[in-house]
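**Student:** Take this structure first; my questions come after.
The values are calculated or read from the model by the stated rules, or taken from the named source; none is laboratory data. Keep in mind that this is a model prediction, so the values were computed, not measured. Glycine also receives a Cβ, built like all others from the backbone with ideal geometry; neighbour counts cover every protein chain displayed. Heavy atoms of the whole protein, side chains included, go into the accessibility calculation; ligands, DNA and RNA do not. Shrake-Rupley method; radii C 1.70, N 1.55, O 1.52, S 1.80 Å.
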Amino acid sequence: MQSIPQPAIRKPFMDEPNASPAPNAARPVLTKAARSADQGPCTVADPIVRAEHLYLYYGESEALTDITMDFPRNQVTALIGPSGCGKSTYLRCLNRMNDLIDAVRTAGSIRVDGQDVLDPSIDVIELRRRVGMVFQKATPFPKSIYENVAYGLRIAGISSRNTLDETVERSLKRAALWDEVKDRLQESALGLSGGQHQRLCIARAIAVNPEIILMDEPCSALDPRSTTRIEDLIAELRGEYTIIIVTHNMQQAARVSDHTAFLYEGVLVEFGPTKQVFTNPVKKETEDYITGRFG
Amino acid sequence: MVWATGAALAAVLFFTIVLLGVVVVNAAAVFWPEAVGLVTFEDGSRVLGVRLDSAVNPDTGVRTVRFKTGNRELDPARLDFHWYEADQIREIAYPEDVFVLERLENGNFYGFLEAVRAPNLDLPETGDSGEGFRWALAAARAKQAARIVPLTDQLSSLSDRLQSVRHAVLRAEYEKKRVLAGAPAGATARLDARLADLAEQEHELKAQSDALVVEQQGQEAELGQNAAVFRTGSGATVEIPLVEIVRHYRPNAMGFGQKVAHYFSKVGELLTENPRESNTEGGLFPAIFGTVMLVFLMAVSCFPLGVLAGIYLGEYAKEGPLVRTVRIAVNNLAGIPSIVYGIFGLGFFVYGIGGLIDLWFFPERTANNMPTFGTGGILWASLTLGLLTVPVVIVSTEEALRTIPRGLREGSYALGATRFQTLVRVLLPMASPGMMTGFILAMARAAGEVAPLMITGVVKLAPDLPVDGAFPYFHPDRKFMHLGFHIYDIGFQSPNVEASKPMVYVTTMLLLVIVLSMSSLAIWLRSRMRRQFHSRTI
């Protein structure tokens, strides 16, 4: 298994060739109905997010089919699955980033602390402050390091110098970037390295103090050393934030997450504690995918 | 293929360099003081002149040489350039005491100083006529500044007051007519009183002004008696009033340093003085001012409009047949010939909006065929140019927004930014270099356009600048001068083509310099922005 570099702007439902299909893999041929009927219980005791019968259509094609699952509070949940299975799309539903794509329609509900985020009348701005996001490709703004981290606060109308200073320092420390940049906070963020960019984006997300941080393949464009740092960071943030991470890297999912959900062709195939999913999966497809027989 | 592409590039470069070279070489030489030769012909006659160029008549095989001989008023045909057959010239001498005079009228004068006659200037006795001449000239100028200039200023302010009284009369008469149309008799009493009052004011001002004119003429006549006597190359003596002399020098006696000083003094005159002699002499300040101000007003009007429209097209408009049509239309707008914009500007801005303004605010003047805004002016010309350049700004703004990676928008939205915050804080700063590019193109095009200006307010000679000390200080209704039009006017509308040629080169060079320096400024700003907003990682 290896991480697959992908373009930042994903059209998740286009057919892409699978990255490295094993030559003799027997592709599981299951009807969607059969698979979703087959689903076990996907609930946890204290969920922060609960998706119920979530469907998502991209134009005419169905991209997510009847997904019902919980994300446990203050833990790390990994979404895995082959390219195009809908995991990024699913992730982007949680803070309504799919609103930016015209052709997307949804059905069902996603409740964050009981509030249905798919309800068109909710305050999306407020939601996105509660549910932060880190993208596959780091996107530092063409501003100083300081202003990058302070951005979320500034647009929320906070301009007190003390608050900003404190939050910037705390967030950068939390993102394990402070020591590297503390002497050049006013320099352009574009001068940092790729790994530093991604940590800066995490600091930027932390600065607005979200409850949930969504990470869409945050390490796929990074070298192994930067990847390790991000993974360490995720481990540190765990317990304080709910983290939902999409990853192509099985080892990464196994290392950083408490729970793992496996999606295949828009259907939630299996959800459970990571240890169980990786050592003793219930479904044959999950086992095939994890062991690299397909996907 | 590589040869064809290379050759094409080389050809383009060649033509550009030739074009610039011709302008620069010719313009740079204009102010250099050329030696004045005393030409003696085989028949013994003599003439003073600057040797210019020579040509061979293809029919007769005779070589002729062209001289600038000046002294236009003395020539039977009133020409100041002559061709002489080369083999008729016995010799050319360069005597050091040849004077070149630049005058208020009739172009340059070449001659030898004979004497100074200054009956009413208080001059110290001096044996040296050259020194006496300088003394007399300085005294005459001082007297002019002390006696005549204040009179001119008074006259000009009187004429302004007279003008406003006349406008008041027009308004009162207009109101009286309207009142008469529908009101009982007696309602006009107040207006009649006002009219009588105004008539009295007008009469008084007129009398004051007439008296001043008489006084000024007297002073001028008195000062005009002070003259210097010069002998021309052919030996005739000419009396030239001192106040007519703008500048005098002796090129044959000047060292290199003096020539350089003269050169820069002439450049200074060019940049700061008003034109003389149908624009072929003197400075270009009003045209420079008009050009820069026109471009400035154009930028102020077109840039916000274009940027806002570009933002709408790029960010808010929903992609569809309508938006695509609009986009194609905007692109095509940029290709419409500028004269068409000029005609539109004349019809829409000048006659339409200007006519309406006149109708609402100055009906009495309109009724008397004295349009204020309903005639060409710098405001309408700059709005027309703004319209001409706005498509470029729209297209480049939209392009610049489009090329920003989607990740940056999403990154901003994901932090809870609204669309507007994202636009203002992230997208516009990032798009600004691209928008600057459009701005540069727009500005360069606007500064060089002449055709639309010719029907929306440019004139050969504007008596007043659009900005001056008279209330309300900025006069957007005034006509203005423009370097581009100046080139056309003096180059192709002047009766004395030879005399105006140097000025055409100088004006062209100046226009190029202004356009290039405005563009360079914008390019420098853009590269600064680029460094700020882009790096290898994006």
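**Student:** Calculate what fraction, in whole %, of the accessible area of the range B:129-225 sits on carbon and sulfur atoms when a 1.4 Å probe is rolled over the protein chains.
**Tutor:** Heavy-atom surface of the range B:129-225 belonging to carbon and sulfur, 1.4 Å probe: 54 percent.
**Student:** Got a sec? Which residues of the range B:411-428 lose 30 Å² or more of accessible surface with every protein chain in place, vs. that chain alone, 1.4 Å probe?
**Tutor:** Buried-area filter returns B:GLY411, B:TYR413, B:ALA414, B:LEU415, B:GLY416, B:GLN421, B:ARG425, B:VAL426.
**Student:** How many Å³ per residue does the convex hull of the Cα positions in the range B:37-117 occupy?
**Tutor:** On the way: hull volume 9.6 nm³, N = 81.
Per residue, the Cα convex hull of the range B:37-117 comes to 118 Å³.
**Student:** Reachable lysines from A:LYS137, Cα under 21 Å, same-chain residues fewer than 8 places away excluded?
**Tutor:** In chain and number order, the partners are A:LYS11, A:LYS87.
**Student:** If you don't mind, there's one more thing I want to ask. Report, as a whole number in µm² per second, the diffusion coefficient that Stokes-Einstein gives for the range B:285-533 at 37 °C and 0.692 mPa s using the Kirkwood radius over alpha carbon pairs. Spell out each step's value before the answer.
**Tutor:** Numbers: Rh = 19.9 Å.
Using the Kirkwood radius from Cα pairs, D works out to 165 µm²/s.
**Student:** At 7 Å along Cα-to-Cβ for each site, give me the label-to-label distance between B:SER209 and A:GLU180 in nm.
**Tutor:** 7.9 nm
**Student:** Please arrange A:MET133, B:MET509 by accessible surface area, largest first, computed with a 1.4 Å probe and ligands excluded.
**Tutor:** B:MET509, A:MET133
**Student:** Note the buried accessible area between B and A here, summed over both chains, with a 1.4 Å probe, in Å² to the nearest 100. Don't skip to the end; give the middle numbers.
**Tutor:** Details: alone 28700 and 13370 Å², together 39770 Å².
What B and A bury together is about 2300 Å².
**Student:** Still on this structure, I have one more. When the solvent-accessible surface of protein heavy atoms is calculated with a 1.4 angstrom probe, in what order do B:VAL100, B:VAL149 fall, highest first? Write down the numbers at each step before the final one.
**Tutor:** Values: B:VAL100 5, B:VAL149 70 Å².
Solvent-accessible surface, decreasing: B:VAL149, B:VAL100.
**Student:** Suppose each label sits 7 Å from its Cα in the direction of the beta carbon; what would the B:ALA8-B:ALA93 distance come out to in nanometres?
**Tutor:** 6.3 nm
**Student:** Sticking with this one: How big is the gap, in Å, between the Cα center of the range B:140-170 and the Cα center of the range B:444-523?
**Tutor:** 27 Å
**Student:** Straight-line reach from B:LYS479: which aspartates and glutamates have Cα under 18 Å away, leaving out those fewer than 8 places along the same chain?
**Tutor:** B:ASP160, B:ASP358, B:GLU449, B:ASP464, B:ASP468, B:ASP489
**Student:** Please report the Cα spread of the range A:220-295 along all three principal axes, rounded to whole Å, starting with the longest.
**Tutor:** 33, 26, 23
**Student:** Now for a separate question. With the full set of protein chains in place, find how many percent of the accessible area of the range B:285-533 is carbon and sulfur; take the probe as 1.4 Å.
**Tutor:** Numbers: 7980 of 11070 Å².
On the range B:285-533, the fraction of accessible area on carbon and sulfur atoms equals 72 percent.
**Student:** Accessible area per residue for the range B:37-117 in Å², computed with a 1.4 Å probe and the full protein assembly in place, what is it?
**Tutor:** 52 Å²
**Student:** Whole number in Å², please: accessible area per residue of the range B:285-533, 1.4 Å probe, ligands, DNA and RNA not counted.
**Tutor:** 44 Å²
**Student:** Dividing the alpha-carbon radius of gyration of the range A:139-256 by 2.2 N^0.38 Å (N being the number of residues), what value is obtained?
**Tutor:** 1.03
**Student:** Tell me, what is a quarter of the convex hull surface for the C-alpha atoms of chain B, in nm² with one decimal?
**Tutor:** On the way: hull surface 161.0 nm².
Over all viewing directions, chain B projects a mean Cα-hull area of 40.3 nm².
**Student:** Carbon and sulfur together cover what percent of the accessible area of the range B:37-117 at a 1.4 Å probe radius?
**Tutor:** On the range B:37-117, the fraction of accessible area on carbon and sulfur atoms equals 47 percent.
**Student:** Run through the DSSP bridge list for the protein assembly as shown and note the antiparallel percent, rounded to the nearest 5.
**Tutor:** Values: 65 of 84 bridges.
Here the antiparallel bridges make up roughly 75 percent for the protein assembly as shown.
**Student:** Run the numbers on the range A:149-163: which residues show a drop of 50 Å² or more in accessible area, chain on its own versus all protein chains together, using a 1.4 Å probe over heavy atoms?
**Tutor:** Residues of the range A:149-163 that lose at least 50 Å² of accessible area once the other chains are added: A:TYR151, A:ILE155.
**Student:** Would you please state the base-10 log of I(q)/I(0) at q = 0.08 1/Å for the protein assembly as shown, with intensities from the Debye formula using one equal scatterer on every alpha carbon?
**Tutor:** With no solvent term, the Cα-only Debye profile gives -0.89.
**Student:** Can I ask one more? Each residue of the range B:347-354 in turn: what ³J(HN,Hα) in whole Hz from Karplus with 6.51, -1.76, 1.60 and θ = phi - 60°, glycine and Pro shown as x?
**Tutor:** x, 7, 6, 5, 7, x, 5, x
**Student:** Here is a further query. Taking each pair of distinct Cα atoms in the range B:129-225 once, what is the resulting Kirkwood hydrodynamic radius in Å?
**Tutor:** 16.5 Å
**Student:** What residues does the range A:103-136 have that are buried by at least 10 Å² of accessible area in the full protein assembly compared to the chain on its own, 1.4 angstrom probe?
**Tutor:** A:ILE125, A:ARG128, A:ARG129, A:MET133, A:PHE135
**Student:** Per residue, how large is the accessible surface of the range B:144-238? Use a 1.4 angstrom probe and give square angstrom.
**Tutor:** In whole numbers, the range B:144-238 has 59 Å² accessible per residue.
**Student:** Report relative contact order for chain B in percent, whole number only (criteria: Cα-Cα under 8 Å, sequence separation at least 6).
**Tutor:** So the answer I get is 15 percent.
**Student:** Using Cα positions and a limit of under 27 Å, work out the lysines in reach of A:LYS143, with same-chain residues fewer than 8 apart set aside.
**Tutor:** Partners within reach: A:LYS173, A:LYS182.
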